[in-house]
Amino acid sequence: MSGTLNKVMLIGHLGDEIKMHYFEGGGCIGRFPLATNETYTSKQTNERITNTEWHNIVVRNKAAEICEKYLSKGDKVYIEGRLKTRKWTDDKGNERYSTEINCNDFTFLSTKKESGNNNIQNQPVKEQPVARPQAKPTDEADDDLPF
């Protein structure tokens, strides 16, 4: 295969509100941290261990405005994009690097009710009885089916 692929798919929770930056030409960029968790049981101590990985997400233009409007800290979201590493020089003259996910697709996974009630656990919904249609009486003499 001669081609290459740079694709990232994440499901996680927003670690902070979206920080927006608007440009003179009308464009904008939104940035926010996304936390993903890995949970496993240690074989030595038989203890459950959770590791959190933080990702820097970058969303542009209309997508950034939509994210700013509908997402808030703690919301669960699916992010799809590609890795991009930026290099810059800090105030002290040191070269610094930052790896980001440039988002090109996203799906909100928290419902409006869940994001409004982050402290309330999901409770099962009681199913309502379903009215089933009554079968019409049939004459067995008119039935030509062999079964």
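Summary of values
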| read-out | value |
| --- | --- |
| Table column - 3J(HN,Hα) (Hz), region 39-50, Karplus curve with 6.51, -1.76, 1.60, x for Gly and Pro | 10, 8, 9, 5, 6, 6, 9, 6, 9, 7, 10, 10 |
| For ASP75, distant residues with modelled amide H under 5 Å away | LEU14 |
| Only Lys, Arg (+1) and Asp, Glu (-1) charged, at Cβ; region 8-117 dipole about Cα centre in debye | 100 |
| Too-long pairs where the Cα-Cα distance tops 26 Å, listed order kept, from LYS62/LYS92; LYS19/LYS87; LYS43/LYS76; LYS19/LYS62; LYS43/LYS73; LYS7/LYS43 | LYS62/LYS92; LYS43/LYS76; LYS43/LYS73; LYS7/LYS43 |
| Per-residue ³J(HN,Hα) for region 54-69, Karplus 6.51 cos²θ - 1.76 cosθ + 1.60, θ = phi - 60°, Hz, x for Gly and Pro | 9, 10, 8, 9, 10, 10, 10, 6, 4, 4, 5, 5, 5, 4, 4, 6 |
| Computed E for LYS62/SER2 - FRET, C-beta separation, R0 22 angstrom, nearest 0.05 | 0.05 |
| For region 8-117: rounded, prolate or oblate by the Cα gyration tensor [a/c cutoff 1.5] | oblate |
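Every number here is computed from the coordinates shown, using simple stated rules; none is lab data. If you're wondering where the values come from, they're calculated on a predicted model, not measured in any experiment. Note that we place each Cβ from the backbone using ideal geometry, even for glycine, and neighbour counts take in every protein chain shown.
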